[in-house]
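> Have a look at this one.
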Amino acid sequence: MIRYWFVLTAALVLSASPSNAEPQPRIAIIIDDLGYQLEAGRRAISLPGPVAFAVLPRTPHGSRLARFANDRGKEVLLHLPLEAVDHDGPIEPGGITLDMSRTVFKRAFADAMEAVPFAVGVSSHRGSLLTRHPGHMSWLMQEIGEREGLFFIDSYTTHESVALMVAAEAGVVATRRDVFLDHEQSIEAVTNEFERLKSLARRNGQALAIGHPFPETLEVLERQLPLLEAEGFELVTISRLLRPGWNRI
């Protein structure tokens with residue numbers, strides 16, 4: 001009888017163990033556009049958990065913030081400016097334009113990578129024009145593919161983007177964002193988008209959000225991120241969200 005009770009108890013413990021439980025929905029978050037504002041960038045990097053930070057090349061504080069983030073164990077991405085359809089004025093420093101030759105393109109990408117130390121991936125900044133063009137996206141994926149372990153995040157500023165299709169063809173690990181947290185800059189709007197992010201993660205198993213170092217965005221994240229674990233979510237790095245060989249087209 002004692003032996004039977006021990007076996008039954010062990011079976012119940014094993015059946016209730018985390019290894020047999022449903023995996024937690026995973027959430028990853030990128031804060032874009034770091035580099036122009038030092039204090040806002042430092043506040044963003046101080047967010048709890050493995051939030052990632054996309055740094056614009058050749059900005060006044062970009063390199064410093066990339067180092068600050070890396071020192072705190074946060075992942076850094078090169079936030080590469082790509083030409084947009086309706087962008088007024090010249091493209092940002094370190095940006096890629098449609099009229100570049102292959103040689104100029106290659107040099108511009110290398111310079112941008114050098115300007116953002118510790119980058120483990122590349123994300124698109126703007127890009128509603130360039131991400132539509134298979135030729136230039138092919139050049140970009142070739143450059144990313146030549147650097148071991150580098151991945152690509154499509155900010156997905158146009159539904160006509162071919163970036164993920166080209167990435168898959170080139171064997172580059174890539175995905176796109178699911179939610180923009182702060183298309184509207186208000187506490188209520190950011191909170192609503194954060195709730196939508198959680199709903200998508202529950203439905204799909206994981207979800208990726210992009211935000212910016214706006215005061216409203218940071219206030220919501222400072223309040224909400226510490227609650228995720230108790231709500232049944234796992235906040236993960238971008239590298240972990242992008243399991244090897246997985247592309248979402």
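The values are calculated or read from the model by the stated rules, or taken from the named source; none is laboratory data. From a predicted model like this one, the values you see are computed outputs, not experimental measurements. As a convention, Cβ positions derive from the backbone with ideal geometry for all residues, glycine included, and neighbour counts pool all protein chains shown.
> Considering each of GLU39, GLU75, GLU22 in turn, give the residue that is under 26 Å from ARG223 (Cα atoms), without any contact (Cβ under 8 Å) to a residue 24 or more places away in the chain and surrounded by fewer than 22 Cβ atoms within 10 Å (Cβ to Cβ).
Testing whether each residue is under 26 Å from ARG223 (Cα atoms), without any contact (Cβ under 8 Å) to a residue 24 or more places away in the chain and surrounded by fewer than 22 Cβ atoms within 10 Å (Cβ to Cβ) leaves just GLU39.
> Please verify whether LEU200 is modelled with pLDDT of 95 or more, surrounded by fewer than 22 Cβ atoms within 10 Å (Cβ to Cβ) and under 15 Å from LEU241 (Cβ atoms), treating the condition exactly as stated.
In short, yes.
> Any idea which of (1) surrounded by 16 or more Cβ atoms within 10 Å (Cβ to Cβ); (2) among the hydrophobic types (A, V, I, L, M, F, W, C); (3) over 19 Å from ALA174 (Cβ atoms) is the one LEU130 doesn't satisfy?
(3)
> Kindly provide the set of residues from the range 92-106 that are within 9 Å of PRO81 (Cβ to Cβ) and either of a type in the set (Gly, Ala, Ser) or in a strand (DSSP E or B) (or both), ordered by number.
Residues satisfying the conditions are GLY94, GLY95, ILE96.
> Looking at (1) within 17 Å of PHE53 (Cβ to Cβ); (2) not in a loop (DSSP other than H, G, I, E, B), find the lone condition where LEU197 falls short.
Failing condition for LEU197: (1).
> Right, another one. Within the range 136-150, does at least one residue satisfy the condition of being closer than 26 Å to ILE29 by Cβ, modelled with pLDDT of 95 or more, among the aromatic types (Phe, Trp, Tyr) and not in a strand (DSSP E or B)?
no
> Please work out which one of (1) farther than 21 Å from ALA52 by Cα; (2) surrounded by fewer than 18 Cβ atoms within 10 Å (Cβ to Cβ) is the condition SER161 fails and give its number.
(2) is the only condition that SER161 fails.
> Which is at negative phi, surrounded by fewer than 20 Cβ atoms within 10 Å (Cβ to Cβ), among the charged types (D, E, K, R) and modelled with pLDDT under 95, of ASP111, ASP86?
That would be ASP86, the only listed residue that is at negative phi, surrounded by fewer than 20 Cβ atoms within 10 Å (Cβ to Cβ), among the charged types (D, E, K, R) and modelled with pLDDT under 95.
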